[in-house]
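Take a look at the structure set out below.
The values are calculated or read from the model by the stated rules, or taken from the named source; none is laboratory data. Note that the coordinates shown come from a computational prediction; the quantities given were computed from them, not determined experimentally. All Cβ positions, glycine included, derive from the backbone under ideal geometry; neighbour counts span all protein chains shown. These area figures cover heavy atoms from the full protein model, side chains too; ligands, DNA and RNA do not enter into them. Shrake-Rupley method; radii C 1.70, N 1.55, O 1.52, S 1.80 Å.
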Amino acid sequence: MGHEDDTLAQNLVAPEAVDNPDREWTKGEEQPRGCRDAWAAILFYAQFISIAVVAGWLGVPAVTKQLDDSDQQASSNGGYNADYSGIMYLVMASSACAFVVSGISLGIMSCCPKFLIQLSLLTSLAVALAVCVWSFIYGSIIGGVFGAIFFLLSLCYAWAVWRRIPFAAANLQTGLTAVKKNSFIFILAYMFVALTFGYSCLWMTALVGVFDRENVFDENGNVSTDEMEWLYFFLLLLALFWSEQVFQNTMHAIVAGVVSTWWFVPEEASCCCSKAILGSTIRATTTSFGSICFGSLLVAIIQTIRAMVEAARNDDDVEGCAAFLLCLVDCCLACLEGILEYFNKFAYIYVGMVSFCLAFAVCNYFRKNLINSADFVQYGYSYLEAGKNVMTLFKQKGWTVIINDDLISNTLSLFNLVVGALVGAFGLAMFEANPEWLASIDDQTAAQGAAFGFPFLIGIVVSAVMFSVVDSSVNTVIVCFAEGPAEFEENHPELSSQMREAWRKVYPAECGF
């Protein structure tokens, strides 16, 4: 480490001293052992069991009846059975390609994060300019004006955040390193996706059962909203949104636990199937599960109300003042949902985060003994306390502006689209080599569209899951750097040097060195 790095290390200010001369604020502390917000976990399990019971009691007979009716109708129409084997081959090949391309993309991000972030900014500018020019060429003056305004705003945004790119690049590099050291976490993320898919199938079965019992289906098999009991529909939607939020946020908390362990105690989180992955998974699904369910319920309630409002807006009888009010309510709910989801993103980091007990207050020998005995501190805050501590953390350190950076999210979104396009192109090439796979589609253009469209969606989904892990890791890095910069310097000196130098240049006042 050079002279400049030594100087940076000497000037490193303790997190609790930055922007807080009175030292009224302290870092996260160990909480008493036990389950947090247990009532929310019990309520979640109750709704899960209820959905399963309804699916088995009402859903399975209703689905069986619907399938029998469909078979009878198919028999009366000549008994044509479509061959979907070619589509299955295309889906399997595209899925394999999506995993390979997504994995390669992580390696590319690690090699040149700064360039990729710059590229994502320039791409957004190019798209905004293209929309503006396209609108004027085709005579849409209003569209061109709005396109020009959007381009100018994008240009101002790019100019304002360009200096933050070194910070974002160092942040992304550190987050990628952490998750790549614990690569099994990606497989765990796909397991949660499979769990979400399984629950969605269960929920759909319950939905069909409720609709059939309430005689919502008309004689043609379509849903008649006139006969719909909206209370049932509200509860079913709430269960769906809540479960999806819980699965997603549980994975986020697991990543936070793994990355924070890698940060403070790398010996426990430096292999594919590390102890940190198992420990974080157990904590997120037991003692911290209630806190995850609590925050997820708040978002799910807003999402459910929004869905009901949007359904009311689509009603042909709603017009005039009522339509305007519904539009206004929908806009307010959308804003509230976004704020709460952003709040949750950092709150769940404290819910799942661990720290190393007394790691740098004792000698190196004692530190190793602590590691061997797995003496870790789980912050384990309840949902409300976790959110309060995270917001206080950034407010006291002057990082309120920093956490608004969305440069990394934009880069991940761009890569998401690129992976989808590459997998779509692969699917199209496979179709050209094996046209019999989509022989059931008579129109050649439609067949080519399907050959590109299905793989494109598969690439989007597969890469989105992988990049969501990276996004969670990056957010955890921000909190960990606020909590323990000295520990980071001790355990990962090379990465620490990169981050400190980049963050010092961009945020000299906020970082404190």
Please give me the summed charge of the neighbours of Ile292: other residues whose Cβ is under 10 Å from its Cβ, Lys and Arg +1, Asp and Glu -1. 0
Solvent exposure, largest accessible area first (probe 1.4 Å, DNA, RNA and ligands not counted), of Glu268, Glu244, Glu494: Glu494, Glu244, Glu268
Hey, how many Å between the Cα centroid of region 248-274 and the Cα centroid of region 172-213? 18
Leaving out ligands, DNA and RNA but keeping every protein chain, what accessible area does Met92 have, in Å² rounded to the nearest 10, with a 1.4 Å probe? 110
Between region 292-313 and region 433-490, the alpha-carbon center distance in angstrom: 26
With label points set 7 Å from each Cα along the Cα-to-Cβ direction at Leu231 and Val418, the distance between them in nm comes to 5.3
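Write out the chymotrypsin sites (Phe, Trp or Tyr not before Pro) in region 122-182 meeting two conditions: DSSP loop, and at most 10 other Cβ atoms within 10 Å of their Cβ.
Taking region 122-182 and a limit of 10 other Cβ atoms within 10 Å, the loop chymotrypsin sites (Phe, Trp or Tyr not before Pro) found are Tyr138.
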If r is the Cβ-Cβ distance from Glu501 to Val127 and R0 is 30 Å, what FRET efficiency results, to the nearest 0.05? 0.40
Rank Val133, Val470 by accessible area, highest first, at a 1.4 Å probe radius? Val133, Val470
Put Lys65, Lys388 in order of accessible area, largest first, probe 1.4 Å, and you get Lys388, Lys65
How far apart, in nanometres, would the label points at Trp159 and Ala312 be if each is projected 7 angstrom from Cα along the Cα-to-Cβ direction? 4.4
Here, trypsin sites (Lys or Arg not before Pro) of region 420-513 satisfying both criteria (DSSP loop; at most 15 other Cβ within 10 Å) are none
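Please list, by residue number, every one of the GluC sites (Glu not before Pro) in region 306-343 that is coil in DSSP and has at most 10 other beta-carbon atoms within 10 Å. The partial results should precede the final answer.
Details: sites: Glu310, Glu319, Glu337, Glu341; in loops: Glu319.
Within region 306-343, the qualifying GluC sites (Glu not before Pro) (loop, at most 10 other Cβ atoms within 10 Å) are Glu319.
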